[in-house]
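In what follows, a structure is listed as structure tokens, so that the remarks can point back to it.
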Amino acid sequence: MFELANPNRFQKFAKRILPWVAGIAVAAMGAGLVIGLFLAPPDYQQGESVRIMYVHVPSAWMALGIYTAIAVASGCFLIWKYPLADVLARAAAPIGAGFTLITLVTGSLWGKPTWGTWWVWDARLTSVLILFFLYLGYIALRNAFEDPTRSAKAAAVLALVGFVNVPIIKWSVDWWHTLHQPASVVRFDGPTIHASMLIPLLLMATGFAAFFTVLLLIRVRSALVARKIRALRLVQAGAGPHIDEA
Amino acid sequence: MDRIEAFLTMGGYGEFIWPAYAVAFAVLAALLAWSLRELRRNERTLRNLQPNGPDGRRE
Amino acid sequence: MTRKRRRLLFVLSGLIALGIAATLILTALEDNLVFFYSPSDLQIKAVQPTERIRVGGLVEEGSVKKNETGLEVTFRVTDLKHAITVHYRGPLPDLFREGQGIVAEGNLQTDGTFKASQVLAKHDENYMPPEVADALKRAGRWQEGKPE
């Protein structure tokens, strides 16, 4: 793990695993789509509309997981000053925002036929909307300062402060009466979802996680190239005396 | 034909299911396209900055 | 080393303080975070008829009565301890049925009934194919509307 904190080693490692992760993403999402749309049965209560679950729930898991990863990376960056932790956090943020957007839109499309409403201000839906704004705030903050180290620090603090929202989202359905139902898969007494529906759900979740990894590796690579460009430009602008420091 | 139609209407829920899948995969595709474009642009800029070619100058 | 230690302690204590603050605020806001009240909550709480509230619970078995036009419906919402009669006029969601969890939004009337302007269906955390649900019902292992 600490070996990978070196950007060059990370690049080599990323290049090696990228085709494998991409393969897993395509295979798992493909299988998840076929099983979720064709083979999985309708629900005894919701009928066919339950199929929205196969994109809604994995997206929600990714949205929460990516935010947690950003908070951990931000903590590592603030405490131990790992530069790669900061690069990872920044690269992950737009992907997390994307998954949160998918969660909100597909949830709304699921809520209309089942609950009878596109949106309600219950604790679960509201806290996920706050998560979306936290992602947007984080991305905006990263681009707000001229000085990249200052924006990195400010954004890391925001990511850590915003982390309180993550347990609130997870347990909002247990702590307060909400319109949203409690968890079906991640619960202490085991899933309350039939295997024929759990399989496409887990396949799609695997596919989304692998797709996230592909995006992350591409974006980290891009960020490291951008860093090299900045360093080179600094050298060329300063010329002569600064070359040794590059 | 009937089976295809039944599949598309999804027991009356097609108008909710298909947009949900469309939105999800459109967002993911957009993220991929944007990230790849950014990577290509940065790599091109780097190549232009390094006259000796991409491997001409290692850190 | 000591600087790293200090930063670690600073971040950790900051997170703990933040957690405590969030817990206190959420506890204080409890009432506003609750999306609906149960019929038992309404026994304790004093609610004015002018106040718009939401009542949630299960539709009592055999309590659903529609008028001749089918547009107006009366049913009882229960939390298995107390129940309240709800009058509603308008379209019902697909999942509305006896034994189903619902949330009704509207006003408490002076006669103790509830006049709803919107009825939302809640669904539980159980997902299964219809055949499995039927099999469970036949085997007598079915607990309609029981939360646990």
> Counting only protein heavy atoms and using a 1.4 Å probe, what share of the accessible area of chain A belongs to carbon plus sulfur, as a whole percent?
Replying inline: 71
> For segment A:108-141 and segment A:160-194, what is the separation of their Cα centres, given in Å?
Replying inline: 14
>> Compute accessible area for segment C:35-83 by itself and then with all protein chains, 1.4 Å probe, and report residues whose area falls by 50 Å² or more.
In response: C:35
> Between chains C and A, what is the buried accessible area summed over both chains (1.4 Å probe, protein heavy atoms, nearest 100 Å²)?
Replying inline: 3500
>> Checking understanding here: applying a Kyte-Doolittle mean of at least 0.0 and a length along the axis of at least 15 Å (C-alpha), which whole DSSP H helices in chain A pass?
In response: A:7-34, A:53-80, A:83-115, A:123-142, A:148-162, A:195-238
> Mind checking the dipole of segment A:1-143: about its Cα centre, +1 per Lys or Arg Cβ, -1 per Asp or Glu Cβ, Debye to the nearest 20?
Replying inline: 520
>> What's the longest uninterrupted piece of chain A once you rule out the chymotrypsin sites (Phe, Trp or Tyr not before Pro) that are loop residues per DSSP with at most 13 other Cβ within 10 Å?
In response: A:3-117
> Does any residue of segment A:189-220 lose at least 50 Å² of accessible area with all protein chains in place compared with its chain alone, and if so which ones (probe 1.4 Å)?
Replying inline: A:192, A:194, A:211, A:215, A:218, A:219
> What angle, in degrees between 0 and 90 and rounded to the nearest 10, separates the Cα long axis of helix C:2-33 from the longest principal axis of the Cα atoms of chain C?
Replying inline: 20
> Quick one: accessible area per residue over chain A, 1.4 Å probe, rounded to a whole number of Å²?
Replying inline: 44
> Just in segment A:166-220: which trypsin sites (Lys or Arg not before Pro) are loop by DSSP and have at most 12 other Cβ atoms within 10 Å?
Replying inline: A:187
> Using a cut-off of 20 Å between alpha-carbon atoms, which lysines can reach residue A:170, once sequence neighbours fewer than 8 places away in the same chain are excluded?
Replying inline: C:122
> Taking only pairs that are 8 or more places apart or on different chains, how many Lys pairs in segment C:39-121 have Cα atoms under 19 angstrom apart?
Replying inline: 4
>> Counting protein heavy atoms only and a 1.4 angstrom probe, how many square angstrom of accessible surface do chains B and A bury in total, to the nearest 100?
In response: 3300
> Can you list the lysines whose alpha carbon is less than 17 Å from that of residue C:4, not counting same-chain residues fewer than 8 positions off?
Replying inline: A:81, A:153
> For chain A, how big is the tail of P(r) above 27 Å, as a whole percent of Cα pairs?
Replying inline: 44
> To the nearest 20 debye, what charge dipole does the protein assembly as shown have about its Cα centre, counting +1 at the Cβ of each Lys and Arg and -1 at the Cβ of each Asp and Glu?
Replying inline: 2620
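The values are calculated or read from the model by the stated rules, or taken from the named source; none is laboratory data. On a predicted model such as this, the values are computed, not experimentally measured, just so you know. Cβ sites come from the backbone with ideal geometry, for glycine too, and all protein chains shown count toward neighbours. Only protein heavy atoms, including side chains, enter the accessible area calculation; ligands, DNA and RNA are left aside. Shrake-Rupley method; radii C 1.70, N 1.55, O 1.52, S 1.80 Å.
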